[in-house]
Amino acid sequence: MQFPGPFGTPSATRSVRRCSTDRIPKPSPAACAPQSLLRPEGFCVYCRKANTNGLNMTRPPSPSSPDFIQRIREHASPLRWFILPVFAAAALFWLAVFSLIGSAIFVALSGPQPSILGFVLALVLLAFFLWPLWAVVRPFAATEGYVRGVFDARVVNDEPAWADLVAEVQGICADAGAQPVRWVCVAPEGVNACAFGLMPSRMAMVFGQGLLDAFQDSPERLRAVIAHEAGHVASGDTRISSMYVVAQDTFRLGIVRPCAIIAGFFGFSILSVGDSMNPGRSAAPDDAAGMAAGWAMRVTMKLMGLAFLCAAAAIWLAGWLASRAVDTFHCAHSRRREFMADRAGAILTSRAAMIDMLRSLDERPDEAATALPGAHPALQIVNLSGQNTWKLFRTHPTTEERIERLRSWPDLD
């Protein structure tokens with residue numbers, strides 16, 4: 001399919017300019033970020049510092065207008081208090097597990113009579129733990145194949161039919177001060193878009209075919225979508241959100257599930273041993289003490305098995321409750337992110353374009369068809385299916401809230 005276009009040259013379609021203030025390693029309210037955005041009025045939207053490249057100042061910087069990059073990074077900081085401990089706990093857990101498995105393999109093979117069965121069981125256990133480890137580590141070294149597999153999308157960077165889309169994505173990301181997106185992808189369905197990536201040099205921006213079809217005659221709406229996602233990428237927000245998704249998988253696949261399965265395995269094994277015990281066979285009929293000891297051992301084994309099964313259930317429940325508790329915090333953080341990315345999109349395009357794009361997506365009748373397959377709801381530009389849920393668990397503000405917030409910023413137009 002030929003992509004709708006052309007968009008036109010970046011200089012003809014975007015009035016956003018680069019700030020000429022000196023570059024510093026970390027942006028702050030008092031200093032300008034590298035390659036930061038400049039409002040046509042002549043002040044930097046990151047630091048509110050007056051421009052020095054010759055533009056005429058039409059009005060002074062508004063002190064009520066927040067520095068959206070700084071705000072996003074401040075909001076992202078508390079999330080690291082969940083992400084980093086999860087990775088640290090997972091690393092310690094896997095280190096302990098692999099040490100035990102390595103010891104088991106050494107014992108199985110170093111004795112006078114090597115145990116082939118013990119060696120095979122240790123290898124099976126090793127594979128059992130290596131699979132979730134690979135699932136967690138792989139996103140950090142994302143490849144084109146990984147991106148295609150997660151989103152069921154094709155990479156269109158080198159396809160001539162999509163050259164306009166790729167050029168527009170890279171141009172808007174450059175205007176936002178972000179690194180070039182490595183993979184521009186098109187998913188076969190979904191009226192949505194998302195940005196994903198854990199490393200700045202391995203960012204992907206995915207567009208649903210339904211979105212491209214819907215906006216085929218509305219390039220300004222599509223620019224607004226790209227600008228919104230570019231705001232996420234430029235702020236480092238995409239990395240934080242992607243890392244949160246991976247941390248959740250680490251917690252669920254790498255800690256909770258293995259512990260619960262191991263506890264359940266021991267529980268069923270001990271119950272099986274208890275069921276196989278027959279005090280009547282191991283003790284003489286007239287040996288009351290032996291019979292009592294046998295029955296006591298059988299009851300003890302059953303109680304131990306039930307205790308392990310209860311522990312497995314408790315681990316599952318505790319993991320689920322912990323995930324839900326952290327989800328409430330992440331969803332609140334995600335809603336704030338969306339407001340700030342909408343602001344970035346309005347600066348890169350216009351307030352009217354952002355509002356028009358949001359209303360257009362909100363009018364889609366089929367909420368399920370709007371979702372982008374394979375993408376976490378928090379990574380997508382809209383999550384219509386989540387707007388009817390309890391506010392604590394919404395990843396996005398409602399469309400009306402987003403439009404109202406866009407209209408509340410006086411310095412966007």
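Tabulated data
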quantity	calculated
Where residue 380 falls short, out of the listed (1) at pLDDT below 80; (2) within 18 Å of the chain's Cα centre (by Cα); (3) surrounded by fewer than 19 Cβ atoms within 10 Å (Cβ to Cβ)	(3)
Subset of the range 148-167 [in contact with a Gly (Cβ under 8 Å, 6 or more places away or on another chain), buried (at least 19 other Cβ atoms within 10 Å of the Cβ) and under 16 Å from residue 222 (Cα atoms)]	165
Qualifying residue in the range 361-372 (condition: assigned to a loop (DSSP other than H, G, I, E, B), over 13 Å from residue 396 (Cα atoms) and among the acidic types (Asp, Glu))	yes
First in the range 319-339 and under 17 Å from residue 379 (Cα atoms), second anywhere and of a type in the set (Ser, Thr, Tyr) and surrounded by fewer than 19 Cβ atoms within 10 Å (Cβ to Cβ), Cβ under 8 Å, 6 or more apart	none
First in the range 345-362 and of a type in the set (Lys, Arg), second anywhere and at pLDDT 90 or above and in a helix (DSSP H, G or I), Cβ under 9 Å, 6 or more apart	351/406; 351/407; 359/403
Selected residue (only one of 171, 177 is surrounded by fewer than 24 Cβ atoms within 10 Å (Cβ to Cβ), touching a helix residue (DSSP H, G or I) at 6+ places or on another chain (Cβ under 8 Å), part of a helix (DSSP H, G or I) and assigned by TED's automatic domain parsing to the domain that holds residue 211)	171
Positions within the range 178-229 being in contact with a Gly (Cβ under 6 Å, 6 or more places away or on another chain) and closer than 20 Å to residue 346 by Cα, in sequence order	192, 224, 227, 228
Residue within the range 157-165 that is more than 15 Å from residue 202 (Cα to Cα), in contact with a helix residue (DSSP H, G or I) (Cβ under 9 Å, 6 or more places away or on another chain) and not assigned by TED's automatic domain parsing to the domain that holds residue 246 present	no
Sole exception among (1) surrounded by 22 or more Cβ atoms within 10 Å (Cβ to Cβ); (2) modelled with pLDDT under 70; (3) under 20 Å from residue 244 (Cα atoms) for residue 386, by number	(1)
Output for the range 119-140, where each listed residue is free of Cβ contacts under 8 Å to residues at least 24 places away in the same chain, under 17 Å from the mean Cα position of the chain (by Cα), over 18 Å from residue 96 (Cβ atoms) and exposed (fewer than 14 other Cβ atoms within 10 Å of the Cβ)	134
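Matching residues to (1) in contact with a strand residue (DSSP E or B) (Cβ under 9 Å, 6 or more places away or on another chain); (2) farther than 24 Å from residue 324 by Cβ:
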site	(1), (2)
167	no, yes
189	yes, yes
204	yes, yes
233	yes, yes
241	yes, no
266	no, yes
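The values are calculated or read from the model by the stated rules, or taken from the named source; none is laboratory data. Everything numeric in this text was worked out from a predicted model, so none of it was measured. As a convention, Cβ positions derive from the backbone with ideal geometry for all residues, glycine included, and neighbour counts pool all protein chains shown.
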